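Structure record follows, encoded as C-alpha coordinates.
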Amino acid sequence: MATKEYIIQAFQVVPFATSIALGILSVFFFSFFIRRFISRRRMELAVKLPPVPEVPGRLPLIGNLLQLKEKKPHMTFTRWAEVYGPIYSIKTGASTMIVLNSADVAKEAMVTRYPSISTRKLSNALKMLTSNKCMVATSDYDEFHKMAKRCLLTNVLGGNAQKRHRIHRDTMMENMSTQFHAHIKDNPLQLVNFRKIFESELFAVSMKQAVGKVVESIYVKELGSTLSKDEVFKILVLDIMEGAIEVDWRDFFPYLRWVPNKGVEMKIQRLCTRRQAVMDALISEAKSRIALGQELNCYVDHLLSEVKSLTEQQISMLLWEPIIETSDTTLVTTEWAMYELAKDPMRQDRLFQKIQSVCRSNKFTEENIAQVPYLGAVFHETLRKYSPAPIVPLRFAHEDTEIGGYFIPAGSEICNKHIWMLHGTRNNGKTPEEWKPERFL
(Lines give C-alpha, C1' and ligand atoms only; values in the text may rest on other atoms or scores of the structure.)
Protein backbone atom coordinates (compact mmCIF):
# COMPACT_ATOMS: atom_id res chain seq x y z
CA MET A 1 0.00 0.00 0.00
CA ALA A 2 2.87 2.30 0.85
CA THR A 3 4.48 1.52 -2.47
CA LYS A 4 1.31 2.46 -4.34
CA GLU A 5 1.04 5.76 -2.45
CA TYR A 6 4.69 6.50 -3.19
CA ILE A 7 4.21 5.99 -6.91
CA ILE A 8 1.12 8.23 -6.98
CA GLN A 9 2.96 10.86 -5.01
CA ALA A 10 5.91 10.72 -7.39
CA PHE A 11 3.67 11.29 -10.41
CA GLN A 12 2.01 14.19 -8.67
CA VAL A 13 5.37 15.79 -7.97
CA VAL A 14 6.56 15.67 -11.60
CA PRO A 15 3.41 15.75 -13.74
CA PHE A 16 5.07 17.67 -16.59
CA ALA A 17 7.98 15.23 -16.92
CA THR A 18 5.53 12.34 -16.83
CA SER A 19 3.48 13.85 -19.65
CA ILE A 20 6.60 14.32 -21.74
CA ALA A 21 7.72 10.74 -21.13
CA LEU A 22 4.31 9.33 -22.00
CA GLY A 23 4.14 11.52 -25.11
CA ILE A 24 7.55 10.32 -26.31
CA LEU A 25 6.58 6.71 -25.72
CA SER A 26 3.31 7.21 -27.61
CA VAL A 27 5.07 8.79 -30.58
CA PHE A 28 7.67 6.02 -30.57
CA PHE A 29 5.11 3.23 -30.58
CA PHE A 30 2.96 5.02 -33.19
CA SER A 31 5.97 5.55 -35.47
CA PHE A 32 7.04 1.95 -34.97
CA PHE A 33 3.55 0.74 -35.86
CA ILE A 34 3.37 2.95 -38.98
CA ARG A 35 6.82 1.85 -40.16
CA ARG A 36 5.88 -1.80 -39.67
CA PHE A 37 2.61 -1.23 -41.52
CA ILE A 38 4.31 0.54 -44.45
CA SER A 39 7.07 -2.07 -44.63
CA ARG A 40 4.50 -4.86 -44.60
CA ARG A 41 2.43 -3.15 -47.31
CA ARG A 42 5.53 -2.56 -49.43
CA MET A 43 6.60 -6.17 -49.02
CA GLU A 44 3.12 -7.37 -49.97
CA LEU A 45 3.13 -5.20 -53.10
CA ALA A 46 6.65 -6.25 -54.07
CA VAL A 47 5.85 -9.94 -53.61
CA LYS A 48 2.45 -9.74 -55.27
CA LEU A 49 3.48 -7.72 -58.32
CA PRO A 50 6.31 -8.18 -60.84
CA PRO A 51 8.91 -5.44 -61.30
CA VAL A 52 8.67 -3.12 -64.30
CA PRO A 53 10.59 -4.44 -67.36
CA GLU A 54 14.01 -2.83 -67.61
CA VAL A 55 15.64 -1.52 -70.76
CA PRO A 56 18.98 -3.36 -70.96
CA GLY A 57 22.36 -1.76 -71.53
CA ARG A 58 22.62 0.02 -68.19
CA LEU A 59 26.10 1.14 -67.25
CA PRO A 60 27.42 1.74 -63.72
CA LEU A 61 26.59 5.22 -62.38
CA ILE A 62 25.11 6.61 -65.62
CA GLY A 63 22.54 3.91 -66.38
CA ASN A 64 20.88 4.33 -69.81
CA LEU A 65 21.92 7.96 -70.34
CA LEU A 66 24.25 7.16 -73.26
CA GLN A 67 21.29 5.56 -75.06
CA LEU A 68 19.42 8.88 -74.96
CA LYS A 69 21.77 10.75 -77.27
CA GLU A 70 19.05 11.94 -79.66
CA LYS A 71 17.81 15.53 -79.45
CA LYS A 72 14.28 14.07 -79.39
CA PRO A 73 14.29 11.46 -76.58
CA HIS A 74 10.59 10.72 -77.16
CA MET A 75 11.59 9.03 -80.42
CA THR A 76 13.89 6.68 -78.49
CA PHE A 77 11.10 6.00 -75.99
CA THR A 78 8.83 5.03 -78.87
CA ARG A 79 11.30 2.51 -80.29
CA TRP A 80 11.76 0.96 -76.85
CA ALA A 81 7.98 0.68 -76.42
CA GLU A 82 7.80 -1.53 -79.50
CA VAL A 83 10.22 -3.94 -77.80
CA TYR A 84 9.46 -3.69 -74.07
CA GLY A 85 5.76 -2.85 -74.06
CA PRO A 86 3.55 -0.04 -72.73
CA ILE A 87 5.50 0.37 -69.48
CA TYR A 88 9.22 -0.03 -68.83
CA SER A 89 11.96 1.49 -66.70
CA ILE A 90 15.27 3.13 -67.50
CA LYS A 91 18.05 4.38 -65.28
CA THR A 92 18.99 8.05 -65.70
CA GLY A 93 22.03 8.43 -63.51
CA ALA A 94 20.92 7.83 -59.93
CA SER A 95 17.19 7.95 -60.71
CA THR A 96 14.81 5.28 -61.96
CA MET A 97 12.35 6.55 -64.57
CA ILE A 98 9.16 4.65 -65.35
CA VAL A 99 8.05 5.44 -68.91
CA LEU A 100 4.34 5.01 -69.75
CA ASN A 101 3.55 4.47 -73.42
CA SER A 102 -0.15 3.74 -73.78
CA ALA A 103 -3.36 5.60 -73.08
CA ASP A 104 -4.54 2.88 -70.68
CA VAL A 105 -1.55 2.97 -68.33
CA ALA A 106 -1.39 6.78 -68.54
CA LYS A 107 -5.07 6.99 -67.53
CA GLU A 108 -4.51 4.56 -64.67
CA ALA A 109 -1.55 6.63 -63.44
CA MET A 110 -3.40 9.96 -63.63
CA VAL A 111 -6.75 8.77 -62.23
CA THR A 112 -6.51 5.62 -60.12
CA ARG A 113 -2.94 6.13 -58.83
CA TYR A 114 -2.88 9.92 -58.89
CA PRO A 115 -2.65 10.37 -55.08
CA SER A 116 0.62 8.42 -55.16
CA ILE A 117 2.23 10.45 -57.97
CA SER A 118 0.76 13.94 -57.59
CA THR A 119 4.18 15.51 -56.99
CA ARG A 120 5.99 17.03 -59.98
CA LYS A 121 9.71 16.47 -60.54
CA LEU A 122 11.40 19.47 -62.15
CA SER A 123 14.93 19.96 -63.41
CA ASN A 124 17.16 22.48 -61.63
CA ALA A 125 16.64 24.91 -64.52
CA LEU A 126 12.83 24.62 -64.36
CA LYS A 127 12.82 25.01 -60.59
CA MET A 128 14.60 28.34 -60.96
CA LEU A 129 12.58 29.48 -63.98
CA THR A 130 9.24 28.68 -62.28
CA SER A 131 10.29 30.10 -58.90
CA ASN A 132 9.97 26.62 -57.42
CA LYS A 133 6.66 25.66 -59.07
CA CYS A 134 4.81 28.99 -58.76
CA MET A 135 2.80 28.21 -61.93
CA VAL A 136 -0.36 26.26 -62.65
CA ALA A 137 1.42 24.11 -65.26
CA THR A 138 4.25 23.04 -62.94
CA SER A 139 2.82 23.18 -59.40
CA ASP A 140 1.96 20.16 -57.29
CA TYR A 141 -1.72 19.42 -56.75
CA ASP A 142 -2.15 21.41 -53.54
CA GLU A 143 -4.12 24.43 -52.30
CA PHE A 144 -1.91 26.85 -54.25
CA HIS A 145 -2.47 24.88 -57.47
CA LYS A 146 -6.25 24.89 -57.01
CA MET A 147 -6.33 28.60 -56.20
CA ALA A 148 -4.02 29.55 -59.10
CA LYS A 149 -5.99 27.40 -61.56
CA ARG A 150 -9.22 29.03 -60.42
CA CYS A 151 -7.70 32.48 -61.09
CA LEU A 152 -6.52 31.45 -64.55
CA LEU A 153 -9.91 30.04 -65.52
CA THR A 154 -11.78 33.04 -64.12
CA ASN A 155 -9.83 35.67 -66.01
CA VAL A 156 -8.05 34.03 -68.96
CA LEU A 157 -9.11 30.55 -70.05
CA GLY A 158 -12.69 30.09 -68.90
CA GLY A 159 -15.68 30.49 -71.21
CA ASN A 160 -16.77 33.86 -69.79
CA ALA A 161 -13.19 35.13 -69.81
CA GLN A 162 -12.79 34.13 -73.45
CA LYS A 163 -15.93 36.07 -74.34
CA ARG A 164 -14.56 39.15 -72.61
CA HIS A 165 -11.24 38.83 -74.47
CA ARG A 166 -12.92 38.21 -77.84
CA ILE A 167 -12.17 41.76 -78.98
CA HIS A 168 -8.41 41.11 -78.68
CA ARG A 169 -8.59 38.05 -80.93
CA ASP A 170 -10.74 39.87 -83.49
CA THR A 171 -8.18 42.69 -83.58
CA MET A 172 -5.39 40.15 -84.09
CA MET A 173 -7.18 38.56 -87.07
CA GLU A 174 -7.86 41.96 -88.61
CA ASN A 175 -4.24 43.07 -88.19
CA MET A 176 -2.87 39.86 -89.68
CA SER A 177 -5.26 40.02 -92.62
CA THR A 178 -4.26 43.62 -93.32
CA GLN A 179 -0.54 42.80 -93.21
CA PHE A 180 -0.85 39.73 -95.44
CA HIS A 181 -2.88 41.61 -98.05
CA ALA A 182 -0.45 44.53 -97.97
CA HIS A 183 2.45 42.15 -98.53
CA ILE A 184 0.78 40.51 -101.51
CA LYS A 185 -0.06 43.91 -102.99
CA ASP A 186 3.39 45.44 -102.50
CA ASN A 187 5.59 42.33 -102.97
CA PRO A 188 3.59 39.75 -104.97
CA LEU A 189 6.66 37.61 -105.75
CA GLN A 190 8.27 37.74 -102.30
CA LEU A 191 7.81 34.98 -99.71
CA VAL A 192 5.64 35.79 -96.71
CA ASN A 193 7.30 35.59 -93.28
CA PHE A 194 4.32 34.05 -91.50
CA ARG A 195 6.15 33.64 -88.19
CA LYS A 196 7.19 37.28 -87.93
CA ILE A 197 3.62 38.54 -88.33
CA PHE A 198 1.85 35.87 -86.29
CA GLU A 199 4.42 35.91 -83.45
CA SER A 200 4.07 39.69 -83.03
CA GLU A 201 0.26 39.58 -83.04
CA LEU A 202 0.09 36.63 -80.62
CA PHE A 203 2.36 38.43 -78.17
CA ALA A 204 0.11 41.49 -78.46
CA VAL A 205 -2.93 39.35 -77.52
CA SER A 206 -1.09 37.80 -74.57
CA MET A 207 -0.12 41.24 -73.23
CA LYS A 208 -3.66 42.62 -73.62
CA GLN A 209 -5.03 39.65 -71.66
CA ALA A 210 -2.32 39.98 -69.01
CA VAL A 211 -1.86 43.73 -68.50
CA GLY A 212 -4.65 45.26 -70.58
CA LYS A 213 -2.59 46.78 -73.39
CA VAL A 214 0.13 46.24 -75.98
CA VAL A 215 3.39 47.36 -74.39
CA GLU A 216 5.26 49.18 -77.14
CA SER A 217 7.99 50.23 -74.69
CA ILE A 218 8.58 50.26 -70.93
CA TYR A 219 11.22 51.67 -68.63
CA VAL A 220 12.76 48.96 -66.42
CA LYS A 221 14.49 50.50 -63.41
CA GLU A 222 16.58 47.45 -62.49
CA LEU A 223 17.97 47.25 -66.03
CA GLY A 224 18.41 51.00 -66.30
CA SER A 225 16.90 51.26 -69.78
CA THR A 226 13.71 51.57 -71.79
CA LEU A 227 12.89 48.31 -73.57
CA SER A 228 11.06 48.01 -76.88
CA LYS A 229 8.24 45.53 -77.52
CA ASP A 230 10.69 43.16 -79.25
CA GLU A 231 13.12 43.34 -76.33
CA VAL A 232 10.33 42.60 -73.85
CA PHE A 233 9.28 39.60 -75.98
CA LYS A 234 12.85 38.30 -75.99
CA ILE A 235 13.21 38.55 -72.21
CA LEU A 236 9.76 37.16 -71.32
CA VAL A 237 9.47 34.43 -73.98
CA LEU A 238 12.46 33.58 -76.18
CA ASP A 239 15.18 33.60 -73.53
CA ILE A 240 13.09 31.58 -71.06
CA MET A 241 12.24 28.92 -73.66
CA GLU A 242 15.95 28.46 -74.33
CA GLY A 243 16.73 28.30 -70.63
CA ALA A 244 14.01 25.71 -69.98
CA ILE A 245 15.89 23.07 -71.99
CA GLU A 246 19.23 23.77 -70.30
CA VAL A 247 20.71 20.49 -69.04
CA ASP A 248 22.39 20.39 -65.64
CA TRP A 249 24.27 17.13 -65.12
CA ARG A 250 23.40 17.31 -61.40
CA ASP A 251 19.76 16.58 -62.28
CA PHE A 252 20.86 12.99 -62.89
CA PHE A 253 23.05 12.71 -59.79
CA PRO A 254 21.20 14.36 -56.87
CA TYR A 255 23.80 13.17 -54.37
CA LEU A 256 26.32 15.45 -56.13
CA ARG A 257 24.09 18.50 -55.90
CA TRP A 258 26.61 20.11 -53.59
CA VAL A 259 29.12 20.29 -56.47
CA PRO A 260 28.91 23.81 -57.98
CA ASN A 261 27.93 24.24 -61.63
CA LYS A 262 28.35 27.99 -61.87
CA GLY A 263 28.02 28.23 -65.66
CA VAL A 264 24.46 26.89 -65.77
CA GLU A 265 23.41 28.50 -62.48
CA MET A 266 24.58 31.97 -63.50
CA LYS A 267 22.94 31.70 -66.93
CA ILE A 268 19.54 30.69 -65.52
CA GLN A 269 19.76 33.21 -62.69
CA ARG A 270 20.47 35.98 -65.19
CA LEU A 271 17.37 35.01 -67.21
CA CYS A 272 15.25 34.97 -64.05
CA THR A 273 16.59 38.35 -62.88
CA ARG A 274 15.87 40.04 -66.22
CA ARG A 275 12.39 38.53 -66.44
CA GLN A 276 11.60 39.57 -62.86
CA ALA A 277 12.74 43.11 -63.58
CA VAL A 278 10.37 43.37 -66.56
CA MET A 279 7.47 41.80 -64.65
CA ASP A 280 8.05 44.18 -61.72
CA ALA A 281 7.87 47.13 -64.13
CA LEU A 282 4.62 45.85 -65.66
CA ILE A 283 3.03 45.25 -62.24
CA SER A 284 4.20 48.64 -60.96
CA GLU A 285 2.49 50.35 -63.90
CA ALA A 286 -0.69 48.40 -63.21
CA LYS A 287 -0.67 49.37 -59.51
CA SER A 288 -0.29 53.04 -60.41
CA ARG A 289 -3.15 52.81 -62.90
CA ILE A 290 -5.45 51.01 -60.43
CA ALA A 291 -4.64 53.62 -57.75
CA LEU A 292 -5.97 56.28 -60.13
CA GLY A 293 -9.21 54.32 -60.51
CA GLN A 294 -8.41 53.17 -64.06
CA GLU A 295 -9.17 49.46 -63.77
CA LEU A 296 -9.10 47.27 -66.89
CA ASN A 297 -10.42 43.85 -67.87
CA CYS A 298 -7.10 42.05 -67.54
CA TYR A 299 -5.38 39.37 -65.47
CA VAL A 300 -3.10 41.64 -63.45
CA ASP A 301 -6.07 43.66 -62.16
CA HIS A 302 -7.76 40.45 -61.04
CA LEU A 303 -4.65 39.18 -59.24
CA LEU A 304 -3.97 42.50 -57.50
CA SER A 305 -7.57 43.25 -56.54
CA GLU A 306 -9.19 39.88 -55.91
CA VAL A 307 -6.49 37.57 -54.51
CA LYS A 308 -5.07 38.95 -51.27
CA SER A 309 -3.26 35.75 -50.21
CA LEU A 310 -0.65 35.85 -52.99
CA THR A 311 2.91 37.07 -52.51
CA GLU A 312 4.51 39.53 -54.94
CA GLN A 313 6.57 36.70 -56.42
CA GLN A 314 3.51 34.49 -56.93
CA ILE A 315 1.60 37.33 -58.62
CA SER A 316 4.56 37.92 -60.93
CA MET A 317 4.82 34.25 -61.94
CA LEU A 318 1.08 33.72 -62.39
CA LEU A 319 0.89 36.84 -64.55
CA TRP A 320 3.87 35.71 -66.65
CA GLU A 321 2.46 32.19 -67.22
CA PRO A 322 -0.30 33.04 -69.77
CA ILE A 323 2.08 35.41 -71.55
CA ILE A 324 4.61 32.72 -72.42
CA GLU A 325 2.04 29.98 -73.01
CA THR A 326 -0.07 32.10 -75.36
CA SER A 327 2.97 33.32 -77.26
CA ASP A 328 4.70 29.96 -77.81
CA THR A 329 2.47 26.88 -78.05
CA THR A 330 -0.17 28.48 -80.28
CA LEU A 331 2.53 29.70 -82.66
CA VAL A 332 4.24 26.29 -82.88
CA THR A 333 1.00 24.39 -83.54
CA THR A 334 -0.16 26.84 -86.21
CA GLU A 335 3.20 26.72 -87.99
CA TRP A 336 3.06 22.93 -88.21
CA ALA A 337 -0.49 23.08 -89.58
CA MET A 338 0.61 25.57 -92.25
CA TYR A 339 3.59 23.37 -93.08
CA GLU A 340 1.43 20.29 -93.64
CA LEU A 341 -1.15 22.19 -95.68
CA ALA A 342 1.61 23.68 -97.85
CA LYS A 343 2.84 20.14 -98.65
CA ASP A 344 -0.64 18.84 -99.43
CA PRO A 345 -2.42 20.89 -102.16
CA MET A 346 -5.45 18.57 -102.17
CA ARG A 347 -6.18 18.99 -98.45
CA GLN A 348 -5.29 22.67 -98.66
CA ASP A 349 -7.86 23.11 -101.42
CA ARG A 350 -10.44 21.08 -99.50
CA LEU A 351 -10.06 23.34 -96.45
CA PHE A 352 -10.31 26.45 -98.64
CA GLN A 353 -13.49 25.19 -100.30
CA LYS A 354 -15.07 24.36 -96.91
CA ILE A 355 -14.31 27.83 -95.57
CA GLN A 356 -15.49 29.55 -98.75
CA SER A 357 -18.77 27.62 -98.76
CA VAL A 358 -19.50 28.97 -95.26
CA CYS A 359 -18.19 32.52 -95.54
CA ARG A 360 -18.57 33.23 -99.25
CA SER A 361 -17.31 36.81 -99.66
CA ASN A 362 -17.43 37.64 -95.93
CA LYS A 363 -14.54 37.46 -93.49
CA PHE A 364 -14.07 34.32 -91.42
CA THR A 365 -15.04 34.82 -87.76
CA GLU A 366 -15.01 32.71 -84.61
CA GLU A 367 -18.71 31.91 -85.12
CA ASN A 368 -17.75 30.12 -88.34
CA ILE A 369 -15.34 27.69 -86.65
CA ALA A 370 -18.10 25.26 -85.62
CA GLN A 371 -19.45 25.37 -89.19
CA VAL A 372 -16.17 24.08 -90.64
CA PRO A 373 -15.46 20.71 -88.94
CA TYR A 374 -12.56 20.12 -91.31
CA LEU A 375 -10.71 23.11 -89.84
CA GLY A 376 -11.01 21.59 -86.37
CA ALA A 377 -9.80 18.27 -87.77
CA VAL A 378 -6.73 20.00 -89.25
CA PHE A 379 -5.68 21.32 -85.85
CA HIS A 380 -6.57 18.12 -83.95
CA GLU A 381 -4.42 16.12 -86.34
CA THR A 382 -1.61 18.68 -86.08
CA LEU A 383 -1.65 18.44 -82.28
CA ARG A 384 -1.63 14.64 -82.56
CA LYS A 385 1.45 14.51 -84.77
CA TYR A 386 3.29 17.62 -83.55
CA SER A 387 2.54 18.06 -79.87
CA PRO A 388 4.08 21.34 -78.63
CA ALA A 389 5.24 19.42 -75.54
CA PRO A 390 5.88 15.76 -76.49
CA ILE A 391 7.05 15.02 -72.93
CA VAL A 392 5.77 17.09 -70.01
CA PRO A 393 7.48 17.47 -66.60
CA LEU A 394 7.95 14.21 -64.71
CA ARG A 395 5.92 13.06 -61.76
CA PHE A 396 7.44 11.62 -58.59
CA ALA A 397 6.12 8.51 -56.78
CA HIS A 398 6.17 9.55 -53.12
CA GLU A 399 4.91 6.13 -52.01
CA ASP A 400 4.90 2.55 -53.32
CA THR A 401 2.14 2.01 -55.85
CA GLU A 402 1.02 -0.10 -58.78
CA ILE A 403 0.68 0.84 -62.45
CA GLY A 404 -0.14 -1.51 -65.31
CA GLY A 405 0.08 -4.54 -63.02
CA TYR A 406 3.67 -3.72 -62.02
CA PHE A 407 5.23 -2.70 -58.70
CA ILE A 408 6.33 0.95 -58.67
CA PRO A 409 8.66 1.67 -55.72
CA ALA A 410 8.60 5.00 -53.93
CA GLY A 411 11.17 7.42 -55.33
CA SER A 412 10.58 6.45 -58.97
CA GLU A 413 10.21 9.19 -61.55
CA ILE A 414 7.10 8.77 -63.71
CA CYS A 415 7.12 9.89 -67.32
CA ASN A 416 3.34 9.70 -67.27
CA LYS A 417 2.49 11.79 -70.32
CA HIS A 418 4.65 10.62 -73.17
CA ILE A 419 2.21 12.46 -75.44
CA TRP A 420 3.97 11.80 -78.74
CA MET A 421 3.82 8.05 -78.17
CA LEU A 422 0.18 8.09 -77.05
CA HIS A 423 -0.84 10.00 -80.18
CA GLY A 424 1.50 8.26 -82.59
CA THR A 425 0.66 4.62 -81.94
CA ARG A 426 -0.95 2.22 -84.37
CA ASN A 427 -4.22 2.78 -82.51
CA ASN A 428 -4.58 5.92 -84.60
CA GLY A 429 -4.65 3.97 -87.83
CA LYS A 430 -2.27 1.94 -89.96
CA THR A 431 -0.16 4.99 -90.77
CA PRO A 432 0.25 7.10 -87.59
CA GLU A 433 3.22 8.91 -89.15
CA GLU A 434 0.93 10.33 -91.85
CA TRP A 435 -0.75 13.70 -91.34
CA LYS A 436 -4.40 12.89 -92.00
CA PRO A 437 -7.11 15.28 -90.67
CA GLU A 438 -9.82 12.87 -91.78
CA ARG A 439 -9.10 10.82 -88.62
CA PHE A 440 -11.06 13.40 -86.63
CA LEU A 441 -14.14 13.64 -88.84
Out of 130, 112, 76, sole residue that is crowded, with 19+ Cβ neighbours inside 10 Å and either over 26 Å from residue 60 (Cβ atoms) or not aromatic (Phe, Trp, Tyr) (or both): 130
Output for the stretch 261-312, where each listed residue is β-branched (Val, Ile, Thr) and either in a helix (DSSP H, G or I) or modelled with pLDDT of 95 or more (or both): 264, 268, 273, 278, 283, 290, 300
Whichever residue in the stretch 310-329 is polar (S, T, N, Q) and touching a helix residue (DSSP H, G or I) at 6+ places or on another chain (Cβ under 6 Å) and, among such residues, is nearest to residue 201 (Cα to Cα): 327
Hits in the stretch 338-350 - residues which are of a type outside the set (S, T, N, Q), without any contact (Cβ under 8 Å) to a residue 40 or more places away in the chain and surrounded by 11 or more Cβ atoms within 10 Å (Cβ to Cβ): 339, 341, 349, 350
Near pairs, Cβ below 8 angstrom, 6+ apart or cross-chain, from the stretch 368-388 (closer than 16 Å to residue 434 by Cβ) to any residue that is of a type in the set (Gly, Ala, Ser) and not in a loop (DSSP other than H, G, I, E, B): 378/337; 382/337; 384/424; 385/424
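Quick check on this structure: which one of 137, 161 is within 17 Å of residue 326 (Cα to Cα), of a type in the set (A, V, I, L, M, F, W, C) and at pLDDT below 90?
137
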Helices (runs of 4 or more DSSP H) (entirely within the stretch 51-134) containing at least 3 residues that are farther than 30 Å from residue 311 by Cα: 73-84, 103-107
Matching option when the condition is surrounded by 15 or more Cβ atoms within 10 Å (Cβ to Cβ), modelled with pLDDT of 90 or more and touching an Asp or Glu at 6+ places or on another chain (Cβ under 9 Å), among 124, 155: 155
Spans of helices (runs of 4 or more DSSP H) in the stretch 158-213 with at least 1 residues in contact (Cβ under 8 Å) with a residue 12 or more places away in the chain and buried (at least 16 other Cβ atoms within 10 Å of the Cβ): 166-186, 194-211
Enumerated strands (runs of 3 or more DSSP E) restricted to the stretch 385-441, each holding at least 2 residues that are modelled with pLDDT under 90 and surrounded by fewer than 18 Cβ atoms within 10 Å (Cβ to Cβ): none
Unmet requirement for residue 328, which otherwise passes all of (1) in the same structural domain as residue 165 (by the TED database); (2) farther than 30 Å from residue 212 by Cβ; (3) of a type in the set (Asp, Glu): (2)
Qualifying residue in the stretch 44-52 (condition: at pLDDT below 85, outside the structural domain of residue 413 (by the TED database) and β-branched (Val, Ile, Thr)): yes
Residue 334 vs. criteria free of Cβ contacts under 8 Å to residues at least 12 places away in the same chain, in the same structural domain as residue 134 (by the TED database) and among the hydroxyl-bearing types (Ser, Thr, Tyr): no
Qualifying residue in the stretch 157-165 (condition: assigned by the TED database to the domain that holds residue 326 and over 25 Å from residue 331 (Cβ atoms)): yes
Flag if residue 231 is charged (D, E, K, R), modelled with pLDDT of 90 or more, out of contact with any helix residue (DSSP H, G or I) (no Cβ under 8 Å at 6 or more places or on another chain) and crowded, with 16+ Cβ neighbours inside 10 Å: yes
Pair list, Cβ < 6 Å and 6+ apart or interchain, from the stretch 225-237 residues that are free of Cβ contacts under 8 Å to residues at least 40 places away in the same chain to residues that are in a strand (DSSP E or B): 226/217; 226/219; 228/217
Among (1) crowded, with 19+ Cβ neighbours inside 10 Å; (2) touching a Lys or Arg at 6+ places or on another chain (Cβ under 9 Å); (3) closer than 23 Å to residue 175 by Cα - the single one residue 366 does not satisfy: (1)
Some residue of the stretch 369-384 being modelled with pLDDT under 90 and surrounded by 15 or more Cβ atoms within 10 Å (Cβ to Cβ): yes
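The values are calculated or read from the model by the stated rules, or taken from the named source; none is laboratory data. Everything numeric in this text was worked out from a predicted model, so none of it was measured. Every residue, glycine among them, receives a Cβ derived from its backbone with ideal geometry; neighbour counts consider all protein chains shown.
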